[in-house]
Amino acid sequence: MTSPSESAGPVPPHGTEPRTRETPQTQEKPLVEGMGALANMGWQILLTMGLASIALGVIALVWPGATLRVVGVLFGVYLLVTGVFQLAAAFGVHVRRHLRVLHFLTGAASILLGLICFRGTLQSILLLALWIGFSWLLRGTLETAAAASVQDMPARGWHVAFGIIGAMAGIVMIIMPFASVATLTLVVGVMAIVLGLTEVVRAIRTRVEIGHLAPGTTAQRRSLFHARPHPQH
C-alpha cells in the first residue's frame, strides 16, 4: 500500500507555491484607473458646459431679437406641456372633485396661453414678461411678509431687502414688459459669458491638477510598497 503523501505526487518545496492572491498594488490598479477616468470625464464636462454657456451668452448679446423669439417659442412649448399634464391630472382616479376642477382650469388656461405664444413674437414676449413679473412680485411679497412676521428669522434684514427688491422688479416687469425683457436678455447674456469663463478656468485648473497628481501619487505608492522587506528574505 502507498501512503497518501506518495500517491499525491511530489510536493513542491517551501516558498515555490503558486501565488493565487493578488498583490495590493494589483488590487489598487483598477481603482486608480477608474478614478483617473472619472476625473478626466469631469474636467471635460466642465469645459463643454463652459464653452456652451459662453456661446449662448454671445448669441444673446449679438442677436437679442432672435434669442427672444426662441425663448418665446420655448415658453409656449412649456405652457402646452404643463397644460397637458394638468388636464391629465384632472381626470385622475384619486383626485378630489375641487382639485379636479382646479387642475382642469389651470391646464386649459396653460394650453390657451401656449397657443397664443405661437401666434407671434410680441404675444410670446408679452406673456413671458408678465409671467416673470407676477412670479417675482408674488415671491417678493411672500418673502417680505414671512420675514416681517418671524422676529427670530436668521438674516431677517436680508430677507426683507431681497423680498422688496424682488417685488419691485416684478412691478417693473409688469409695467414695462418689452423693455424689461430686452434688458433681462442682455443681463442673462453677460451672466452666461461670466459663468462660462468660470467653468472653463475650473476645467483647465482641474486638468492641470490631475496631471500633477498622477505622477506623484504613483511614485509615492511605489516607494512605500518597495520599502517593506519581503518576509522570505
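FYI, it's all coordinate maths here, none of it is from the lab. Every value quoted in this text rests on a predicted model; they were computed, and no experiment measured them. In this analysis, Cβ positions are derived from the backbone assuming ideal geometry, glycine residues included, and neighbour counts consider all displayed protein chains.
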For the pair ASP152 and VAL77, the simple spin-label estimate (label points 7 Å beyond Cα toward Cβ) gives in nm 4.9 nm
Note on segment 131-211: alpha-carbon gyration tensor, axes a ≥ b ≥ c; rule is a/c under 1.5 for rounded, else prolate if a/b larger than b/c, else oblate; result oblate
Highest mean packing first, using Cβ neighbours within 10 angstrom, the peptides 118-126, 146-154 sort as 118-126, 146-154
Between the modelled labels at LEU51 and VAL84 (7 Å from Cα along Cα→Cβ) the distance in nm is 3.3 nm
Relative contact order as a percentage, segment 53-212, C-alpha pairs under 8 Å and 6+ apart, gives 31 percent
Share of Cα-Cα pairs in segment 76-180 beyond 23 Å, whole percent, is 48 percent
Note: probe point = Cα of ILE210 + 7 Å toward Cβ; backbone nitrogen < 16 Å; residues of segment 38-65 passing the test are 38-51
Each label sits 7 Å from Cα toward the beta-carbon; between ALA161 and SER135 the label points are separated, in nm, by 2.5 nm
